[in-house]
Structures are given as structure tokens and as C-alpha cells.
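Below is one structure, written out as C-alpha cells, with a few remarks after it.
The values are calculated or read from the model by the stated rules, or taken from the named source; none is laboratory data. The structure presented is a predicted model; accordingly, all values stated were derived computationally and were not measured. With ideal geometry, Cβ positions are generated from the backbone for all residues, glycine too; neighbour counts draw on all protein chains shown. The accessibility values were calculated without ligands, DNA or RNA, using every heavy atom of the protein model including side chains. Shrake-Rupley method; radii C 1.70, N 1.55, O 1.52, S 1.80 Å.
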Amino acid sequence: INPMAYKLYYGTNVILDNTAEEVYNDRFITTFDTSSLNGDYIYVLESTDKAGNTGSNSISLDIDNTVPMIVLTGISGNNILGEEKVKGEAQFNFMIDDVHSFDYILAAGGLTNSGYIQDGSTNITSILDTDLLPEGNNTVVIRAVDIAGNYSEVNTNIVVDRTAPVIDIEVSPE
């Protein structure tokens, strides 16, 4: 059995250079920690036999350990009653930044809007019908999960207010 060397390249830089151990019937297992890596890498396997013949093979790896970044850029709609008080349809504007494709969800009180974004960052507008939420304080959650499983979440609070003001009239006889 010939030893199997492996290298991990980032661009032209070798960041890992090691020898694999045979496990069973000319099969080799290599393991290395990728938790601090991000980007495109090339993984190269190479073996040289006793006669000096060398064979190699390589694969490209896209290593992603970066969570999507979510920024809530605004809440708007015809029925915005104040800074965070809403009734009816409320439009949530947010930006999600990630170099890969990702799923997102906007959720509050059992209501959800979701979508899939192909290949990276985008501005998103999502509408919730707040008439379907309970009156009072509600937490709106925006979540994003990229194709590598990296997850992030942003929460904001809104107050659903459908109660009309009560007006009392008092008449005093004179």
C-alpha cells in the first residue's frame, strides 16, 4: 500500500499538507477541521508507488461557516399607527446578505411568509396581515438559513391595535 498525501489549497497557498492513513482495502480517510475556513478551496490527493509513478486527483470545496446577515430596514403600510403600532397589512422590508442561496421566513403569532433566494444577497419585502394576530404585543421573527445550514435570526416587536378610542360625553344641566 502506498501512502496517500493530501493538501488543501486556498488559491495558490497550501494551508494543509498531511498524509492519510489506510483504513481498509486501499481506502483512506482524511479529516480536518474546517470551522475556521470560508471560501473556495481545492483538495488534492496524491500517491506515489514504489516505481515512482504518481497519481493524483482533486476536488473543489466551497466551505461556508458564515451566518447570513439580516437587517430589518423598515416596517410600512397604510395602517401604521405609530413607531411600532400596526393594524391591517404591514409591510416588512429587510435585507439578507449571504454569498450563497438561502431560505428565509418571516413569522409572527402562527403566521408565516417564506421564500428561497438563489445566489446571494437581496432586499426582501414581506407582508403580514396583522388583523390575524392577537391584539397587543407580538414578536416578529425573521430567520435565514443558507445552504450550508448556517442560521441567523432577527426579532422585532410590534403592537397590534384595533381598539377604537372610547369617547365619553357628559352633559351638566344649567
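Out of the residues in the stretch 146-171 that are open to solvent by 50 Å² or more (accessible area, probe 1.4 Å), among the charged types (D, E, K, R) and part of a loop (DSSP other than H, G, I, E, B), which is nearest to ALA108 (Cα to Cα)? Step by step, filter the stretch 146-171, then rank; the result is ARG162. Within the stretch 131-174, restricting attention to residues that are under 25 Å from SER121 (Cβ atoms) and charged (D, E, K, R), the residue that is nearest to the chain's Cα centre (by Cα) is ASP146. Quickly run through the stretch 125-134 and pick out the residues that are open to solvent by 10 Å² or more (accessible area, probe 1.4 Å) and either closer than 17 Å to GLY74 by Cα or free of Cβ contacts under 8 Å to residues at least 12 places away in the same chain (or both). Matches in the stretch 125-134: THR125, ILE127, ASP129. Flag: ASP119 does not match the condition of being part of a helix (DSSP H, G or I), of a type outside the set (S, T, N, Q) and modelled with pLDDT under 90.
Restricting the stretch 132-174 to residues that are in contact with a Lys or Arg (Cβ under 7 Å, 6 or more places away or on another chain) and more than 30 Å from THR34 (Cβ to Cβ) leaves a set whose member that is modelled with the highest pLDDT is GLU135.
Taking residues in the stretch 3-15 that are over 21 Å from PHE28 (Cα atoms) and open to solvent by 60 Å² or more (accessible area, probe 1.4 Å), and partners anywhere that are part of a strand (DSSP E or B) and among the charged types (D, E, K, R), the pairs with Cβ atoms closer than 9 Å and at least 6 places apart or on different chains are TYR10/ASP40; GLY11/ASP40. Would the stretch 36-44 turn up any residue that is at positive phi and in a strand (DSSP E or B)? Among the residues of the stretch 36-44, at least one is at positive phi and in a strand (DSSP E or B), which makes the answer yes.
For the stretch 25-59, the tally of residues that are of a type in the set (S, T, N, Q) and open to solvent by less than 90 Å² (accessible area, probe 1.4 Å) stands at 9. Residues that are open to solvent by 70 Å² or more (accessible area, probe 1.4 Å), small (Gly, Ala, Ser), under 21 Å from the mean Cα position of the chain (by Cα) and under 30 Å from ASP62 (Cα atoms): does the stretch 107-118 have at least one? Yes, because at least one residue in the stretch 107-118 is open to solvent by 70 Å² or more (accessible area, probe 1.4 Å), small (Gly, Ala, Ser), under 21 Å from the mean Cα position of the chain (by Cα) and under 30 Å from ASP62 (Cα atoms).
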